[in-house]
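Just below is one structure, and these are the notes that go with it.
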Amino acid sequence: MSLRFHKMHGLGNDFVVVDARTDPVAIDADRARAIADRHTGIGCDQIILIGPGSDTDVSMRIWNADGSEVAACGNATRCVPVLVGRDVSIRTAAGILHAALEGDGATVDMGKPSFDWNAIPLAYAMDTRALPLAWGELANPVAVNVGNPHVVFFVPDVHAVPLETLGPDIEYDLVFPERINVNIAHVLAPDHLVMRTWERGAGLTRACGTGACATFAAGRLLDLLAPSARLDLPGGSLRLAESGDGHLLMSGPATHVFTGEASL
Ligand SMILES: N[C@@H](CCC[C@H](N)C(=O)O)C(=O)O
């Protein structure tokens, strides 16, 4: 099957973006895995399908490299207005998002975080400010849903944590019935932190936009961060701010690399 696609990325979190606004394209878990394969496919962390919107400008569906379909992807959301060439409203499985072109990327209103244990979701009721759980040296994370599920650990040094081994243990722990994205962060100042993410369904990535939103929301909840902060990820920096009504505003770059066609 022939596939026309755009290769895009947000801070090195890379995507195969399929623009199906005028002609429908069918993607399922098997096709998503084949496209994402870095040896036999195109290679990417996520596959993004942009479709027409009914009540919005466009719609967006998201698959991780392992073929799992998910509701949110912050970095890909910044890519949408860049691809379309204007500010857009986007229908996603997590609700309607608004993305506005800004600088070399976009600012997206990512909505309000939820700290409800049911919304994360967790297997049973727990204090989501500090889950009473530990995996190796990582203990008592904040759990938060920002359209997708995350845990956030505040640690003394993100570079000293073996996230490549602890990440999968946490992602697949049965306490997270829909698996989980795993973020570790250390705060340098109330308006500046450093973080890394193990992504559900994709592993270690250079950046995770929803991970940055989750980490900022967790930092605000614990009073570690100011209402606006810079977050340094392995692939570069994002700016997060909290609006008056508690929404998370994420700003950062989004890059179109090339347009191609593949038999996949
Ligand atoms: N890279 C994304 C998040 C993609 C989805 C995530 N791995 C999940 O399974 O929820 C981002 O920039 O937010």
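Can you say whether Leu83 is more than 16 Å from the ligand (Cβ to nearest atom) and either closer than 29 Å to Ala36 by Cα or modelled with pLDDT of 95 or more (or both), as far as the supplied structure shows? No; evaluated as a whole, the condition is false for this residue. Restricted to segment 144-190, and to residues there that are small (Gly, Ala, Ser) and touching a Gly at 6+ places or on another chain (Cβ under 8 Å), the residue that is nearest to the ligand (Cβ to nearest atom) is Gly147. Looking only at residues in segment 1-26 that are closer than 17 Å to Glu69 by Cβ and open to solvent by 20 Å² or more (accessible area, probe 1.4 Å), which one is farthest from the ligand (Cβ to nearest atom)? Filtering segment 1-26 for residues that are closer than 17 Å to Glu69 by Cβ and open to solvent by 20 Å² or more (accessible area, probe 1.4 Å), the one farthest from the ligand (Cβ to nearest atom) comes out as Pro24.
When segment 117-139 is filtered for residues that are out of contact with any helix residue (DSSP H, G or I) (no Cβ under 8 Å at 6 or more places or on another chain), surrounded by 13 or more Cβ atoms within 10 Å (Cβ to Cβ) and within 19 Å of Thr210 (Cα to Cα), the ones remaining, listed by number, are Trp117, Ala119, Ile120, Pro121, Leu122, Thr128.
Scanning segment 94-114 for residues that are open to solvent by 90 Å² or more (accessible area, probe 1.4 Å) and closer than 16 Å to Cys73 by Cβ returns a single hit, His98. Here Thr56 meets the list (1) surrounded by fewer than 19 Cβ atoms within 10 Å (Cβ to Cβ); (2) among the polar types (S, T, N, Q); (3) within 9 Å of the ligand (Cβ to nearest atom) almost entirely, failing just condition (3). Would you confirm whether or not segment 42-56 contains a residue that is assigned to a loop (DSSP other than H, G, I, E, B), in contact (Cβ under 8 Å) with a residue 40 or more places away in the chain and in contact with a Pro (Cβ under 7 Å, 6 or more places away or on another chain)? Within segment 42-56, none of the residues are assigned to a loop (DSSP other than H, G, I, E, B), in contact (Cβ under 8 Å) with a residue 40 or more places away in the chain and in contact with a Pro (Cβ under 7 Å, 6 or more places away or on another chain). Within segment 153-167, track down each residue that is open to solvent by 80 Å² or more (accessible area, probe 1.4 Å) and closer than 21 Å to Thr128 by Cα. Of everything in segment 153-167, just one residue is open to solvent by 80 Å² or more (accessible area, probe 1.4 Å) and closer than 21 Å to Thr128 by Cα, namely Pro156. Report, by residue number, each residue of segment 86-98 that is more than 14 Å from Ile62 (Cβ to Cβ) and under 15 Å from the mean Cα position of the chain (by Cα). Once the filter is applied, which keeps residues that are more than 14 Å from Ile62 (Cβ to Cβ) and under 15 Å from the mean Cα position of the chain (by Cα), segment 86-98 yields nothing.
Take Met250 and decide whether it is within 14 Å of the chain's Cα centre (by Cα), over 26 Å from Met126 (Cα atoms) and either within 16 Å of the ligand (Cβ to nearest atom) or touching a residue at least 12 places away in the same chain (Cβ under 8 Å) (or both). Yes, satisfied. A single entry from Asp127, Asp104, Asp116 fulfils the requirement of being within 16 Å of Met250 (Cα to Cα) and either more than 16 Å from the chain's Cα centre (by Cα) or not aliphatic (A, V, I, L, M) (or both): Asp104.
For segment 39-66, a tally of residues being over 19 Å from Thr210 (Cβ atoms) and either among the small types (Gly, Ala, Ser) or touching a Cys at 6+ places or on another chain (Cβ under 6 Å) (or both) returns 5. Number of residues in segment 199-232 that are within 15 Å of the ligand (Cβ to nearest atom) and open to solvent by 40 Å² or more (accessible area, probe 1.4 Å) equals 2.
The values are calculated or read from the model by the stated rules, or taken from the named source; none is laboratory data. Worth saying up front: this structure is predicted, and the values here are computed from it rather than measured. Here Cβ is always computed from backbone atoms with ideal geometry, including for glycine, and neighbour counts include all displayed protein chains. We work out accessible area using only protein heavy atoms, side chains counted, and drop any ligands, DNA or RNA first. Shrake-Rupley method; radii C 1.70, N 1.55, O 1.52, S 1.80 Å.
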